[in-house]
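**Q** Got a structure for you, questions after.
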Amino acid sequence: MFTIDAHLDLSMNAMEWNRDLRLPLHTINERESGLTDKPDRGNATVNLPELRKGNIGLVVATQIARYVAPDNQLPGWHSPEQAWAQTQGQLAWYEAMEKAGEMVQVKDLEGLEKHLALWQSDSPVMEKPIGYILSLEGADSLVNVSYLEKAWEKGLRAVGPAHYGPGRYAQGTNATGKMGPDGYALLAEMERLNIILDATHLCDESFWDALDHFNGPVWASHNNCRALVNHNRQFTDEQIKELIKRDAVIGAALDAWMMVPDWERQVSTPIGTNCDLEVMIDHIDHICQLAGNTDHVGIGSDLDGGFGTEQCPYDLQSIADLNKVPALFAKRGYNQVDIEKLMHGNWLRFLRKNWQ
Ligand SMILES: [Zn+2]
(Lines give C-alpha, C1' and ligand atoms only; values in the text may rest on other atoms or scores of the structure.)
Protein backbone atom coordinates (compact mmCIF):
# COMPACT_ATOMS: atom_id res chain seq x y z
CA MET A 1 0.00 0.00 0.00
CA PHE A 2 1.26 3.51 -0.82
CA THR A 3 2.75 4.91 2.36
CA ILE A 4 3.77 8.37 3.56
CA ASP A 5 6.43 8.77 6.24
CA ALA A 6 6.19 12.26 7.76
CA HIS A 7 9.58 12.28 9.45
CA LEU A 8 12.98 11.22 8.16
CA ASP A 9 16.36 12.90 8.62
CA LEU A 10 17.73 11.75 5.26
CA SER A 11 20.22 14.55 4.64
CA MET A 12 21.51 14.42 8.23
CA ASN A 13 22.38 10.77 7.57
CA ALA A 14 24.06 11.68 4.31
CA MET A 15 26.07 14.57 5.75
CA GLU A 16 26.81 13.62 9.37
CA TRP A 17 26.67 9.80 9.26
CA ASN A 18 28.37 9.85 5.82
CA ARG A 19 25.83 7.44 4.34
CA ASP A 20 25.30 7.29 0.58
CA LEU A 21 21.60 6.51 0.75
CA ARG A 22 21.53 5.18 -2.84
CA LEU A 23 23.59 2.13 -1.82
CA PRO A 24 22.09 -1.15 -0.59
CA LEU A 25 21.47 -1.23 3.17
CA HIS A 26 23.97 -4.04 3.73
CA THR A 27 26.65 -2.05 1.89
CA ILE A 28 26.01 1.03 4.04
CA ASN A 29 26.07 -1.09 7.19
CA GLU A 30 29.15 -3.15 6.25
CA ARG A 31 31.14 0.02 5.65
CA GLU A 32 30.35 1.13 9.22
CA SER A 33 31.71 -1.98 10.90
CA GLY A 34 34.12 -1.02 13.64
CA LEU A 35 32.88 2.58 13.85
CA THR A 36 31.77 3.67 17.32
CA ASP A 37 31.20 7.41 16.86
CA LYS A 38 27.40 6.98 16.71
CA PRO A 39 25.27 4.49 18.66
CA ASP A 40 23.57 3.15 15.52
CA ARG A 41 26.62 2.40 13.37
CA GLY A 42 26.01 -0.64 11.19
CA ASN A 43 22.31 -0.73 12.12
CA ALA A 44 20.79 1.55 9.46
CA THR A 45 17.25 0.72 8.34
CA VAL A 46 16.68 3.58 5.87
CA ASN A 47 17.93 4.23 2.35
CA LEU A 48 16.29 5.24 -0.91
CA PRO A 49 15.95 1.72 -2.41
CA GLU A 50 14.28 0.40 0.78
CA LEU A 51 11.80 3.30 0.71
CA ARG A 52 10.88 2.23 -2.83
CA LYS A 53 10.62 -1.44 -1.81
CA GLY A 54 8.23 -0.43 0.96
CA ASN A 55 6.12 1.66 -1.42
CA ILE A 56 6.96 4.72 0.69
CA GLY A 57 6.86 7.21 -2.15
CA LEU A 58 6.51 10.42 -0.18
CA VAL A 59 8.35 11.54 2.94
CA VAL A 60 8.73 14.69 4.98
CA ALA A 61 12.49 15.15 5.09
CA THR A 62 14.35 17.43 7.46
CA GLN A 63 17.06 19.98 7.59
CA ILE A 64 18.40 20.02 11.14
CA ALA A 65 21.13 21.98 12.96
CA ARG A 66 21.07 23.21 16.53
CA TYR A 67 22.69 26.33 17.99
CA VAL A 68 24.23 25.78 21.43
CA ALA A 69 25.11 28.51 23.91
CA PRO A 70 28.35 27.96 25.93
CA ASP A 71 26.39 26.45 28.84
CA ASN A 72 24.46 24.00 26.64
CA GLN A 73 25.89 20.46 26.79
CA LEU A 74 23.94 19.17 23.77
CA PRO A 75 25.82 18.71 20.48
CA GLY A 76 25.38 21.69 18.18
CA TRP A 77 26.86 24.73 16.44
CA HIS A 78 28.41 27.70 18.23
CA SER A 79 26.64 30.32 16.10
CA PRO A 80 23.34 30.48 14.21
CA GLU A 81 25.30 31.27 11.04
CA GLN A 82 27.18 27.95 11.30
CA ALA A 83 23.88 26.15 11.88
CA TRP A 84 22.38 27.86 8.81
CA ALA A 85 25.37 26.78 6.70
CA GLN A 86 24.93 23.20 7.91
CA THR A 87 21.29 23.18 6.78
CA GLN A 88 22.35 24.61 3.41
CA GLY A 89 24.76 21.69 2.99
CA GLN A 90 21.89 19.35 3.76
CA LEU A 91 19.75 21.12 1.16
CA ALA A 92 22.54 20.79 -1.39
CA TRP A 93 22.44 17.01 -0.85
CA TYR A 94 18.67 16.88 -1.49
CA GLU A 95 19.24 18.93 -4.65
CA ALA A 96 22.02 16.59 -5.77
CA MET A 97 19.66 13.62 -5.26
CA GLU A 98 17.11 15.42 -7.44
CA LYS A 99 19.71 15.92 -10.18
CA ALA A 100 20.53 12.22 -9.92
CA GLY A 101 16.84 11.35 -10.43
CA GLU A 102 16.62 9.75 -6.96
CA MET A 103 14.31 12.27 -5.29
CA VAL A 104 11.88 15.02 -6.23
CA GLN A 105 10.86 17.98 -4.10
CA VAL A 106 7.12 18.33 -3.48
CA LYS A 107 6.19 21.87 -2.47
CA ASP A 108 2.71 22.62 -3.80
CA LEU A 109 -0.57 20.99 -4.73
CA GLU A 110 0.27 20.64 -8.41
CA GLY A 111 3.56 18.91 -7.63
CA LEU A 112 1.86 16.69 -5.07
CA GLU A 113 -0.79 15.43 -7.49
CA LYS A 114 1.80 14.94 -10.23
CA HIS A 115 3.98 12.91 -7.88
CA LEU A 116 1.06 10.78 -6.65
CA ALA A 117 0.07 10.05 -10.26
CA LEU A 118 3.62 8.89 -10.96
CA TRP A 119 3.48 6.51 -7.98
CA GLN A 120 0.09 5.20 -9.10
CA SER A 121 1.41 4.52 -12.60
CA ASP A 122 2.81 1.11 -13.37
CA SER A 123 6.32 2.24 -14.22
CA PRO A 124 8.81 0.08 -12.25
CA VAL A 125 8.70 1.05 -8.57
CA MET A 126 12.48 0.81 -8.15
CA GLU A 127 12.87 3.58 -10.74
CA LYS A 128 10.45 6.02 -9.13
CA PRO A 129 11.93 9.04 -7.36
CA ILE A 130 11.15 9.49 -3.67
CA GLY A 131 9.09 12.64 -3.15
CA TYR A 132 10.16 14.83 -0.27
CA ILE A 133 8.52 17.73 1.49
CA LEU A 134 11.24 19.88 3.03
CA SER A 135 10.92 20.61 6.75
CA LEU A 136 13.13 22.16 9.40
CA GLU A 137 13.51 20.37 12.73
CA GLY A 138 14.39 23.10 15.24
CA ALA A 139 14.48 26.67 13.93
CA ASP A 140 17.82 27.72 15.52
CA SER A 141 19.51 27.82 12.12
CA LEU A 142 17.29 30.67 10.90
CA VAL A 143 19.77 33.47 11.66
CA ASN A 144 16.80 35.82 11.98
CA VAL A 145 13.15 35.69 10.95
CA SER A 146 13.94 37.15 7.50
CA TYR A 147 15.78 33.89 6.68
CA LEU A 148 12.48 32.03 6.70
CA GLU A 149 11.42 33.52 3.38
CA LYS A 150 14.77 32.53 1.82
CA ALA A 151 14.14 28.99 3.12
CA TRP A 152 10.55 29.01 1.80
CA GLU A 153 11.87 29.95 -1.64
CA LYS A 154 14.04 26.83 -1.54
CA GLY A 155 10.97 24.72 -0.77
CA LEU A 156 10.67 24.72 3.02
CA ARG A 157 7.07 23.92 3.91
CA ALA A 158 7.07 22.87 7.59
CA VAL A 159 8.94 24.12 10.65
CA GLY A 160 9.26 22.65 14.12
CA PRO A 161 10.46 25.66 16.13
CA ALA A 162 12.30 23.51 18.70
CA HIS A 163 14.23 20.24 18.97
CA TYR A 164 15.93 18.94 22.13
CA GLY A 165 16.80 21.53 24.78
CA PRO A 166 16.56 25.30 24.86
CA GLY A 167 16.10 26.91 21.44
CA ARG A 168 16.42 30.40 19.99
CA TYR A 169 12.72 30.58 19.05
CA ALA A 170 11.07 28.01 21.35
CA GLN A 171 11.88 25.58 24.16
CA GLY A 172 12.16 21.95 23.21
CA THR A 173 12.13 18.46 24.70
CA ASN A 174 13.55 18.38 28.27
CA ALA A 175 13.56 22.20 28.43
CA THR A 176 10.87 24.46 29.88
CA GLY A 177 9.34 27.84 29.15
CA LYS A 178 7.32 29.76 26.62
CA MET A 179 8.46 30.91 23.19
CA GLY A 180 9.13 34.65 23.64
CA PRO A 181 9.06 37.55 21.15
CA ASP A 182 11.38 35.99 18.56
CA GLY A 183 9.23 32.86 18.59
CA TYR A 184 6.06 34.86 18.08
CA ALA A 185 7.68 36.74 15.18
CA LEU A 186 8.67 33.40 13.65
CA LEU A 187 5.12 32.08 13.98
CA ALA A 188 3.70 35.23 12.36
CA GLU A 189 6.08 34.86 9.43
CA MET A 190 5.21 31.15 9.10
CA GLU A 191 1.55 32.10 8.98
CA ARG A 192 2.21 34.70 6.27
CA LEU A 193 4.11 32.14 4.17
CA ASN A 194 1.60 29.32 4.92
CA ILE A 195 4.31 27.17 6.48
CA ILE A 196 3.04 24.23 8.55
CA LEU A 197 3.78 24.38 12.29
CA ASP A 198 5.25 21.08 13.44
CA ALA A 199 4.29 20.82 17.12
CA THR A 200 6.70 17.93 17.73
CA HIS A 201 9.47 18.59 20.29
CA LEU A 202 7.85 21.71 21.76
CA CYS A 203 7.96 21.51 25.56
CA ASP A 204 4.54 21.79 27.22
CA GLU A 205 4.69 25.56 27.84
CA SER A 206 5.94 26.32 24.32
CA PHE A 207 3.37 23.91 22.83
CA TRP A 208 0.41 25.78 24.34
CA ASP A 209 2.04 29.13 23.68
CA ALA A 210 2.63 28.25 20.00
CA LEU A 211 -0.96 27.14 19.50
CA ASP A 212 -2.18 30.37 21.16
CA HIS A 213 -0.14 32.49 18.75
CA PHE A 214 -0.48 30.55 15.49
CA ASN A 215 -3.55 30.35 13.27
CA GLY A 216 -2.07 28.39 10.35
CA PRO A 217 -1.92 24.63 9.72
CA VAL A 218 -0.51 22.44 12.52
CA TRP A 219 0.75 18.88 12.45
CA ALA A 220 3.01 16.81 14.66
CA SER A 221 5.35 14.88 12.39
CA HIS A 222 6.67 12.33 14.90
CA ASN A 223 5.09 12.06 18.31
CA ASN A 224 3.76 9.29 20.54
CA CYS A 225 1.46 9.23 23.58
CA ARG A 226 2.42 10.17 27.15
CA ALA A 227 -0.44 7.99 28.44
CA LEU A 228 1.51 4.93 27.22
CA VAL A 229 5.10 6.10 27.81
CA ASN A 230 5.41 8.87 30.37
CA HIS A 231 7.93 11.47 29.17
CA ASN A 232 7.74 15.17 28.29
CA ARG A 233 8.71 14.28 24.67
CA GLN A 234 5.29 12.63 24.30
CA PHE A 235 1.86 14.27 24.05
CA THR A 236 -0.63 14.27 26.91
CA ASP A 237 -4.20 13.35 26.06
CA GLU A 238 -5.09 17.03 26.50
CA GLN A 239 -2.50 18.02 23.87
CA ILE A 240 -3.71 15.31 21.50
CA LYS A 241 -7.31 16.51 21.89
CA GLU A 242 -6.25 20.09 21.13
CA LEU A 243 -4.41 18.93 17.99
CA ILE A 244 -7.49 17.01 16.90
CA LYS A 245 -9.56 20.18 17.37
CA ARG A 246 -7.09 21.98 15.07
CA ASP A 247 -7.55 19.20 12.46
CA ALA A 248 -3.90 18.17 12.86
CA VAL A 249 -2.36 14.85 11.91
CA ILE A 250 0.09 13.19 14.30
CA GLY A 251 2.82 10.86 12.99
CA ALA A 252 3.55 7.75 15.05
CA ALA A 253 7.29 7.33 15.70
CA LEU A 254 9.24 4.06 15.76
CA ASP A 255 11.97 5.01 18.23
CA ALA A 256 11.76 2.24 20.86
CA TRP A 257 12.24 4.52 23.86
CA MET A 258 9.10 6.42 22.81
CA MET A 259 7.13 3.22 22.25
CA VAL A 260 7.71 1.10 25.37
CA PRO A 261 8.07 2.36 28.97
CA ASP A 262 11.35 2.44 30.93
CA TRP A 263 13.69 2.11 27.94
CA GLU A 264 17.33 2.44 28.96
CA ARG A 265 19.60 3.58 26.14
CA GLN A 266 22.26 1.03 25.14
CA VAL A 267 20.91 -1.37 27.81
CA SER A 268 17.35 -2.23 26.76
CA THR A 269 16.74 -4.28 23.62
CA PRO A 270 13.70 -4.40 21.33
CA ILE A 271 13.21 -8.13 22.01
CA GLY A 272 13.75 -7.73 25.76
CA THR A 273 11.08 -5.02 25.94
CA ASN A 274 8.67 -6.74 23.54
CA CYS A 275 8.90 -3.77 21.21
CA ASP A 276 7.36 -4.70 17.88
CA LEU A 277 5.26 -2.93 15.25
CA GLU A 278 2.09 -3.79 17.18
CA VAL A 279 3.25 -1.35 19.87
CA MET A 280 3.07 1.42 17.26
CA ILE A 281 -0.52 0.39 16.64
CA ASP A 282 -1.20 0.80 20.40
CA HIS A 283 -0.11 4.46 20.19
CA ILE A 284 -2.07 5.04 16.98
CA ASP A 285 -5.12 3.34 18.45
CA HIS A 286 -4.90 5.53 21.56
CA ILE A 287 -5.15 8.65 19.38
CA CYS A 288 -7.98 7.17 17.31
CA GLN A 289 -9.91 6.42 20.52
CA LEU A 290 -9.43 10.02 21.74
CA ALA A 291 -10.56 11.34 18.34
CA GLY A 292 -13.44 8.91 17.93
CA ASN A 293 -12.24 8.40 14.36
CA THR A 294 -9.18 7.49 12.26
CA ASP A 295 -8.62 10.95 10.77
CA HIS A 296 -5.75 12.32 12.85
CA VAL A 297 -2.88 9.82 12.79
CA GLY A 298 -0.33 8.66 10.27
CA ILE A 299 3.25 7.43 10.32
CA GLY A 300 6.25 9.65 11.11
CA SER A 301 8.76 6.90 11.70
CA ASP A 302 11.96 8.86 12.53
CA LEU A 303 13.72 5.57 11.67
CA ASP A 304 16.97 7.35 10.72
CA GLY A 305 16.90 9.80 13.62
CA GLY A 306 20.12 8.67 15.30
CA PHE A 307 19.07 5.08 15.95
CA GLY A 308 18.71 1.85 14.01
CA THR A 309 17.82 -1.77 14.63
CA GLU A 310 19.23 -1.57 18.18
CA GLN A 311 16.38 0.77 19.10
CA CYS A 312 13.38 0.07 16.88
CA PRO A 313 10.72 -2.67 16.66
CA TYR A 314 12.39 -6.10 16.41
CA ASP A 315 10.17 -7.08 13.47
CA LEU A 316 11.58 -4.24 11.37
CA GLN A 317 15.00 -4.64 9.74
CA SER A 318 14.42 -2.08 7.03
CA ILE A 319 11.95 0.74 6.55
CA ALA A 320 10.40 -1.41 3.79
CA ASP A 321 8.97 -3.51 6.65
CA LEU A 322 6.39 -0.75 7.13
CA ASN A 323 4.49 -2.68 4.48
CA LYS A 324 3.65 -5.19 7.25
CA VAL A 325 1.61 -2.50 9.04
CA PRO A 326 -1.65 -2.64 7.01
CA ALA A 327 -2.12 -6.31 7.96
CA LEU A 328 -1.50 -5.46 11.62
CA PHE A 329 -4.20 -2.76 11.46
CA ALA A 330 -6.59 -5.27 9.90
CA LYS A 331 -5.86 -7.72 12.72
CA ARG A 332 -6.94 -4.99 15.18
CA GLY A 333 -10.24 -4.58 13.38
CA TYR A 334 -9.49 -1.52 11.26
CA ASN A 335 -11.25 -1.64 7.89
CA GLN A 336 -9.69 -0.92 4.51
CA VAL A 337 -10.83 2.72 4.40
CA ASP A 338 -9.33 3.37 7.85
CA ILE A 339 -6.07 1.63 6.93
CA GLU A 340 -5.65 3.75 3.82
CA LYS A 341 -6.16 6.90 5.89
CA LEU A 342 -3.56 5.81 8.41
CA MET A 343 -0.96 4.77 5.82
CA HIS A 344 -1.25 7.89 3.63
CA GLY A 345 -4.75 9.36 3.38
CA ASN A 346 -4.66 11.61 6.43
CA TRP A 347 -1.41 13.30 5.40
CA LEU A 348 -2.81 13.80 1.90
CA ARG A 349 -6.07 15.25 3.18
CA PHE A 350 -4.06 17.65 5.36
CA LEU A 351 -1.81 18.76 2.49
CA ARG A 352 -4.65 19.14 -0.02
CA LYS A 353 -6.64 21.25 2.43
CA ASN A 354 -3.75 23.49 3.44
CA TRP A 355 -1.97 23.88 0.09
CA GLN A 356 -5.04 25.13 -1.82
ZN1 LIG B 1 12.83 14.46 16.29
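The values are calculated or read from the model by the stated rules, or taken from the named source; none is laboratory data. As the structure is a prediction and not an experimental result, all values here were calculated from the model. Note: ideal-geometry Cβ built from the backbone for every residue, glycine included; neighbour counts use all protein chains shown. Side chains are part of the model used for accessible areas, which takes the heavy atoms of the whole protein and leaves out ligands, DNA and RNA. Shrake-Rupley method; radii C 1.70, N 1.55, O 1.52, S 1.80 Å.
**Q** Under a point-charge model restricted to the Cβ atoms of Lys and Arg (+1) and Asp and Glu (-1), what is the dipole moment magnitude of region 293-356 relative to its Cα centre, in debye to the nearest 20?
**A** The calculation lands at about 400 debye.
**Q** Another question about this same structure. Among 123, 146, 79, which one shows the biggest mean-square fluctuation in a GNM of the chain, springs joining Cα atoms closer than 10 Å?
**A** Fluctuation is largest for 123.
**Q** Could you work out the percent of alpha carbon pairs in region 270-356 separated by over 18 Å, rounded to a whole number?
**A** Looking at region 270-356, the distances longer than 18 Å represent 47 percent of pairs.
**Q** Sticking with this structure for a sec: Measure off 7 Å from each Cα along the Cα-to-Cβ vector at residue 227 and residue 173, then give the distance between these two points in nanometres to one decimal.
**A** 2.2 nm
**Q** Just how much of residue 247 is accessible, in Å², when a 1.4 Å probe is used and the result is rounded to the nearest 10?
**A** 40 Å²
**Q** In whole percent, how big is the carbon plus sulfur part of the accessible area of the chain, probe 1.4 Å, protein atoms only?
**A** With neighbouring chains kept in place, the figure for the chain is 50 percent.
**Q** Just to confirm, what accessible area per residue do you get for region 84-241 at 1.4 Å probe, in whole Å²?
**A** 38 Å²
**Q** If you don't mind, another one. Tell me, what HN-Hα J-couplings in whole Hz come from the Karplus equation 6.51 cos²θ - 1.76 cosθ + 1.60 at θ = phi - 60° for each residue of region 315-322, using x for Gly and Pro?
**A** Working through the residues one at a time gives 8, 10, 9, 8, 4, 4, 5, 4 Hz.
**Q** Any idea what the relative contact order of the chain is, in percent, if you count C-alpha pairs under 8 Å spaced at least 6 apart?
**A** 19 percent
**Q** Using modelled backbone amide H atoms (1.01 Å from N, in-plane), which distant-in-sequence or interchain residues come within less than 5 Å of residue 7's amide H?
**A** Placed amide hydrogens put 60, 301, 302 under 5 Å from residue 7.
**Q** Still on this structure, I have one more. Apply the Karplus curve 6.51 cos²θ - 1.76 cosθ + 1.60, θ = phi - 60°, to the phi angles in region 324-336 and return the couplings in whole Hz, x for Gly and Pro.
**A** Couplings: 7, 5, x, 5, 5, 4, 4, 4, 7, x, 6, 8, 4 Hz.
**Q** Before anything else, pin down the relative contact order of region 248-340: Cα pairs under 8 Å, at least 6 apart, normalised by residue count, whole percent.
**A** Result for region 248-340 is 37 percent.
**Q** I've got another one for you. Compute, for residue 38, the solvent-accessible surface of its heavy atoms (probe 1.4 Å) with the complete set of protein chains present, and express it in square angstrom to the nearest 10.
**A** Roughly 50 Å² of residue 38 is accessible to a 1.4 Å probe.
**Q** Quick check: residue separation of residue 23 and residue 37 times 0.36 nm, minus the Cα distance between them. What number comes out in nm?
**A** Contour length minus Cα-Cα distance gives 3.0 nm.
**Q** For a bin width of 20 Å, list the pair-distance distribution of the chain built from all Cα-Cα distances, rounded to whole %.
**A** Calculated over all Cα pairs of the chain, the distribution is 32, 63, 5 percent.
**Q** Another one. From Cα pairs below 8 angstrom and at least 6 apart in sequence, can you work out the relative contact order of region 65-174, rounded to a whole percent?
**A** Normalised by residue count, the contact order of region 65-174 is 26 percent.
**Q** Restricting to the chain, compute how many DSSP beta bridges are antiparallel as a %, nearest 5.
**A** Taking every DSSP beta bridge within the chain, about 5 percent pair in antiparallel fashion.
**Q** Semi-axes, largest first, in whole Å: what does sqrt of 5 times each Cα gyration tensor eigenvalue give for region 57-213?
**A** Result for region 57-213: semi-axes of 30, 17, 13 Å.
**Q** Could you list which residues have their amide H under 5 Å from that of residue 132, counting only those 5 or more apart in sequence or on another chain, with H placed in the peptide plane?
**A** 59, 104, 105, 106
**Q** Same structure, new question: Please turn the phi angles of region 184-199 into ³J(HN,Hα) values with the Karplus equation 6.51 cos²θ - 1.76 cosθ + 1.60 (θ = phi - 60°), one per residue in order, whole Hz, x for glycine and proline.
**A** 5, 5, 4, 4, 5, 5, 4, 5, 4, 8, 6, 8, 5, 7, 8, 7
**Q** Here is a further query. For 168, 157, write out the residues from largest to smallest accessible area, computed with a 1.4 angstrom probe and no ligands counted.
**A** The most accessible residue leads, giving 168, 157.
**Q** Per residue, how large is the accessible surface of region 248-356? Use a 1.4 angstrom probe and give square angstrom.
**A** I get 38 Å² per residue for region 248-356.
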